Amino acid sequence: SSIGSLLLTPLNFTFWGNLFLHFYSRNEGYDLVRNLEIDAVSVIKTLLLILALPIFSGMILKSKFPRTMARMVPTIKKLSILIFAAIVIIIFTSNYDFFIKYIFYIFFIVLFHNILAMATGYYSGRLFGLDKKNCKTVSIETGIQNSGLALALLFNPDVFPQDLPLGGMTFIAAWWGVWHIIAGLTIALLWSGFLFRPQKIR
């Protein structure tokens with residue numbers, strides 16, 4: 001899906017940009033249009049740095065030092081959440097007025113997109129004959145996206161020219177991350193039976 005974004009991102013900007021211009025006259029709308037060129041090499045470098053390198057490094061370290069890594073994993077998980085929370089807070093404070101003005105719209109855009117993505121993943125699995133366990137996996141993989149990668153791409157001047165008004169996109173990416181933590185935890189607890197299974201008191 002990340003590699004596919006090289007093609008789909010320009011297509012999305014073209015489609016929605018042209019649709020947006022239909023609501024404005026030529027004098028009002030066209031001054032908002034910017035040229036957008038996605039640098040494939042820069043995107044691939046970012047994907048390798050943010051996704052591939054940590055994944056392969058983690059796999060190698062876990063295979064070579066399983067006991068040490070098992071002790072480090074809880075700390076790394078907490079640290080990653082703190083770092084992400086710091087990024088979200090920084091973006092939120094710098095876009096507070098934008099948040100107050102548009103959160104009503106952005107909240108539902110992210111919500112419905114997330115529901116659609118998870119439903120598409122689940123029922124695509126069912127369509128191809130997967131069992132429920134694998135359908136749930138496909139649903140989560142489809143619906144829970146890497147907003148950290150989105151923010152990294154947005155702030156990369158080789159991908160998005162920094163003279164573009166990126167406030168809206170960065171805010172959606174930040175809120176996406178917050179919402180996906182909520183949605184991911186909720187669906188995981190729901191499907192695991194944790195929310196409805198009586199817990200033993202020790």
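Numbers for the structure displayed
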quantity: Subset of segment 35-68 [open to solvent by less than 90 Å² (accessible area, probe 1.4 Å), within 28 Å of Val178 (Cβ to Cβ) and part of a helix (DSSP H, G or I)]; calculated: Ser42, Val43, Ile44, Thr46, Leu47, Ile50, Leu51, Ala52, Pro54, Ser57, Gly58
quantity: Scan of segment 69-98 for residues that are open to solvent by less than 40 Å² (accessible area, probe 1.4 Å) and closer than 12 Å to Trp175 by Cβ, ordered by number; calculated: Val88, Ile91, Asn95
quantity: Every pair of residues 6+ apart whose Cβ atoms lie under 6 Å, when the first sits in segment 181-202 and is open to solvent by 80 Å² or more (accessible area, probe 1.4 Å) while the second is assigned to a helix (DSSP H, G or I) and modelled with pLDDT under 80; calculated: Leu195/Leu189
quantity: Any hit, segment 5-15, residues being modelled with pLDDT of 85 or more, within 23 Å of His180 (Cα to Cα) and among the hydroxyl-bearing types (Ser, Thr, Tyr); calculated: no
quantity: Residue tally, condition under 22 Å from Ile182 (Cα atoms), among the small types (Gly, Ala, Ser) and surrounded by 15 or more Cβ atoms within 10 Å (Cβ to Cβ), over segment 109-138; calculated: 2
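The values are calculated or read from the model by the stated rules, or taken from the named source; none is laboratory data. Since we're looking at a predicted model, the values are computed, not measured. Cβ: placed from backbone, ideal geometry, glycine included. Neighbour counts: every protein chain shown. Remember, those area values only see protein heavy atoms, side chains included, never the ligands or the DNA or RNA. Shrake-Rupley method; radii C 1.70, N 1.55, O 1.52, S 1.80 Å.
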